[in-house]
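One structure below.
Bear in mind these aren't lab numbers, they're just calculated from the coordinates by the rules spelled out. Fair warning: this is a prediction, and the values are worked out from it, not measured in the lab. Cβ placement follows ideal geometry from the backbone for every residue including glycine, while neighbour counts extend to all protein chains displayed.
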Amino acid sequence: MRKGLFITTEGPEGAGKTTVLNLLDEHLKEMGIKTLITREPGGIDIAEQIRRVILEPENTAMDPRTEALLYAAARRQHLVEKVRPALEAGAIVLCDRFVDSSLAYQGYARGLGIDEVYKINEFAIETMMPDLTIYFDIAPEEGLARIDRHKGREVNRLDLEELDFHQKVREGYHLLLERFPDRIAMIDASLPMEEVFTAALAKIQEILPLK
Ligand SMILES: Nc1ncnc2c1ncn2[C@@H]1O[C@H](COP(=O)(O)OP(=O)(O)OP(=O)(O)O)[C@@H](O)[C@H]1O
Ligand SMILES: Cc1cn([C@H]2C[C@H](O)[C@@H](COP(=O)(O)O)O2)c(=O)[nH]c1=O
């Protein structure tokens, strides 16, 4: 049974999700709340191995459906091995990307169809959807420029897609916002980091059980 809260972050490349998620994790821990911070694809050994296959820049021959299936496979293993046990133990799970990434990237930007990609993911996640998804909205040009400036970050196969693809990713997220207005909250990720953090924390506080 799910006793904790499942919170995910989403957004285009370089939106600041990882940075802000780490700050949120620190802040919640200081409040005495049990948290688990993790990421997709990855977070556990098998899923990190799948991540390497998906994101290796040389794997240019990868078919879009293969890509979607690999993300779903990594998701399944991560959910079973790490996310579900932490939720059952009552933690707040902070997960950098989840199924909405597949819907925006593979479903919309790759053109596989949001509903089709959701269907294959249903097999992976069963009914496990986030309690809250914080969507970091940013123009892809700005996000990609941040990554460019951020020396030492791995450049992955998806980062190397044309600007048009990244614009479609953002459009895909906007469609998801319309479809799931009760679950997905948008914040303006172009603001200074401190303001983005405050806005994200406010969204979490709205769903924290009162003590
Ligand atoms: N609000 C902000 N203003 C300016 N720079 C930021 C802001 N938030 C994050 N950054 C910087 O942008 C870069 C990318 O941030 P981060 O890795 O957190 O993004 P991300 O959304 O996790 O990216 P990706 O999904 O592509 O890995 C980092 O160098 C980070 O310091
Ligand atoms: C979960 C998931 C991710 N992606 C893409 C999004 C990014 O380009 C990479 C992950 O890299 P990050 O630095 O950890 O953000 O993978 C995707 O296309 N579909 C997914 O389901």
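Annotations for the structure displayed:
- Checking residue 57 against (1) touching a residue at least 60 places away in the same chain (Cβ under 8 Å); (2) buried (at least 17 other Cβ atoms within 10 Å of the Cβ), the condition it does not meet: (2)
- Residue match in the range 127-134 (condition: within 24 Å of residue 4 (Cβ to Cβ), more than 15 Å from ligand 1 (Cβ to nearest atom) and more than 17 Å from the chain's Cα centre (by Cα)): yes
- Selection count where residues are out of contact with any helix residue (DSSP H, G or I) (no Cβ under 9 Å at 6 or more places or on another chain) and surrounded by 18 or more Cβ atoms within 10 Å (Cβ to Cβ), scope the range 134-145: 0
- Residue list for the range 94-108, restricted to those being closer than 12 Å to residue 68 by Cα and either surrounded by fewer than 16 Cβ atoms within 10 Å (Cβ to Cβ) or of a type in the set (A, V, I, L, M, F, W, C) (or both): 99, 103, 104
- Applying the criterion of being within 17 Å of the chain's Cα centre (by Cα) and more than 16 Å from ligand 1 (Cβ to nearest atom) to the residues of the range 90-109, the residue that is nearest to residue 28 (Cα to Cα) is 92.
- Check on residue 72, touching a residue at least 12 places away in the same chain (Cβ under 8 Å), surrounded by 16 or more Cβ atoms within 10 Å (Cβ to Cβ) and within 12 Å of ligand 2 (Cβ to nearest atom): yes
- Residue within the range 159-174 that is touching a helix residue (DSSP H, G or I) at 6+ places or on another chain (Cβ under 6 Å), more than 26 Å from residue 200 (Cα to Cα), polar (S, T, N, Q) and surrounded by 14 or more Cβ atoms within 10 Å (Cβ to Cβ) present: no
- Any chance residue 200 is over 15 Å from the mean Cα position of the chain (by Cα), within 16 Å of ligand 1 (Cβ to nearest atom) and surrounded by 13 or more Cβ atoms within 10 Å (Cβ to Cβ): no
- Cβ pairs under 6 Å, 6+ apart, first in the range 2-23 and touching a residue at least 12 places away in the same chain (Cβ under 8 Å) and on the phi > 0 side of the Ramachandran plot, second within 8 Å of ligand 1 (Cβ to nearest atom) and aromatic (Phe, Trp, Tyr): 11/136; 16/136
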